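The values are calculated or read from the model by the stated rules, or taken from the named source; none is laboratory data. Remember, predicted model here, so these are calculated numbers, not experimental data. With ideal geometry, Cβ positions are generated from the backbone for all residues, glycine too; neighbour counts draw on all protein chains shown.
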């Protein structure tokens with residue numbers, strides 16, 4: 001006999017029962033008929049110390065509402081775990097088979113571990129998730145309501161594609177009149193896709209829509225003021241956004257514009273011709289306390305189209321991890337400018353297999 005078995009023989013049967021009785025979890029043993037033949041001290045105390053053996057046995061059986069679980073262990077020898085309620089408390093019950101020396105199934109051991117607190121925390125978490133999902137859904141509806149209407153605004157025909165990858169998008173665009181013959185427009189892209197980026201888009205919309213017309217007529221002043229309003233929020237430097245802002249003058253046939261870090265230059269195009277509206281500028285973030293934006297101007301006449309987009313378009317990749325790219329976008333636009341969004345969406349779908357990893361937004365403005 002090896003030393004390990006000799007060590008075991010030095011301990012009495014009562015010693016091992018003392019170990020089981022010292023366990024805080026409820027432990028009970030049933031025979032092949034599913035009758036209780038043993039329960040540890042913790043379980044007995046929970047049932048009432050003054051009860052008779054018969055009464056304790058009767059109460060012990062009430063711990064499991066569905067005896068088919070234990071019967072299944074006794075029939076198949078499986079180890080089964082499930083949750084049960086007893087006296088308004090939740091328990092994780094694990095039932096394990098008992099075998100004798102001949103390999104015969106002679107009973108089962110049931111261990112009841114109280115998990116009421118875990119269950120309550122889980123239920124609270126589920127409830128909070130439901131509440132958050134509801135609030136996110138409401139935020140989505142509000143965010144979509146911020147988008148401009150499709151159709152004509154003065155002599156401009158507005159169309160767009162808006163494909164968020166999460167419930168709330170970090171993309172936003174808008175177009176609105178500021179004078180009889182002048183219309184403001186912008187497209188922005190906030191870092192990330194979560195609730196904070198979604199709230200940032202609402203800040204952008206509110207800030208732009210409440211600026212006075214004199215400021216909005218000047219793209220540099222507009223972005224400078226927008227930057228000041230944002231840093232006054234004292235948010236973390238990890239949250240920032242890019243924005244391209246312009247003003248279209250239908251009387252002078254001019255577009256004046258400035259850019260705050262938006263790395264997707266809008267494209268002014270007609271059939272056979274496309275021109276990028278590029279100008280440098282820092283993103284709007286609290287890290288930059290002072291910013292300097294520059295303004296440019298370009299002629300735009302009836303028949304021209306202005307195509308604004310976010311990086312979810314040109315940075316979309318195919319199965320070989322090749323990006324869609326700006327060159328391919330220009331080629332599609334000049335081929336058929338009168339149905340540009342449909343053509344771009346179809347071509348992008350073929351290129352990527354309709355799999356997108358980022359928010360995708362397009363604002364197409366056609367001049368009549």
### Residues located in region 92-117, provided they are touching a residue at least 12 places away in the same chain (Cβ under 8 Å) and either loosely packed, with under 11 Cβ neighbours inside 10 Å or in a helix (DSSP H, G or I) (or both)
116
## Note on the structure
Restricting region 69-91 to residues that are at pLDDT below 90 and in a loop (DSSP other than H, G, I, E, B), the one nearest to residue 31 (Cα to Cα) turns out to be 87
### Message
Looking at residue 333 and the list (1) crowded, with 20+ Cβ neighbours inside 10 Å; (2) assigned to a loop (DSSP other than H, G, I, E, B); (3) at pLDDT below 95, which single condition is not satisfied?
### Response
(2)
## Note on the structure
Within region 311-344, restricting to residues that are within 24 Å of the chain's Cα centre (by Cα) and in contact (Cβ under 8 Å) with a residue 60 or more places away in the chain, the one that is farthest from residue 268 (Cα to Cα) is 312
### Task
Go over the candidates 353, 272 one by one and state the one that is loosely packed, with under 13 Cβ neighbours inside 10 Å and either over 31 Å from the mean Cα position of the chain (by Cα) or under 20 Å from residue 189 (Cα atoms) (or both).
272
### Query
Within the group 287, 293, which residue is modelled with pLDDT of 95 or more and assigned to a loop (DSSP other than H, G, I, E, B)?
293
### Number of the condition not met by residue 16 [criteria: (1) modelled with pLDDT of 80 or more; (2) under 18 Å from residue 99 (Cβ atoms)]
(1)
### Query
Out of (1) outside any loop (DSSP other than H, G, I, E, B); (2) modelled with pLDDT of 75 or more; (3) exposed (fewer than 12 other Cβ atoms within 10 Å of the Cβ), what's the single condition that is false for residue 5?
(2)
### Task
Name the residue, out of 32, 27, that is over 11 Å from residue 110 (Cα atoms), surrounded by 13 or more Cβ atoms within 10 Å (Cβ to Cβ) and modelled with pLDDT of 85 or more.
32
### Task
Looking for whichever is surrounded by fewer than 14 Cβ atoms within 10 Å (Cβ to Cβ) and under 23 Å from residue 310 (Cβ atoms) here; the options are 176, 152. Which one fits?
176
#### Entry: Scan of region 242-263 for residues that are surrounded by fewer than 23 Cβ atoms within 10 Å (Cβ to Cβ) and assigned to a loop (DSSP other than H, G, I, E, B), ordered by number
250, 251, 252, 253, 261, 263
### Summary
So the helices (runs of 4 or more DSSP H) completely within region 143-241 holding 1 or more residues that are over 14 Å from residue 361 (Cα atoms) and in contact (Cβ under 8 Å) with a residue 40 or more places away in the chain are 195-209, 219-231
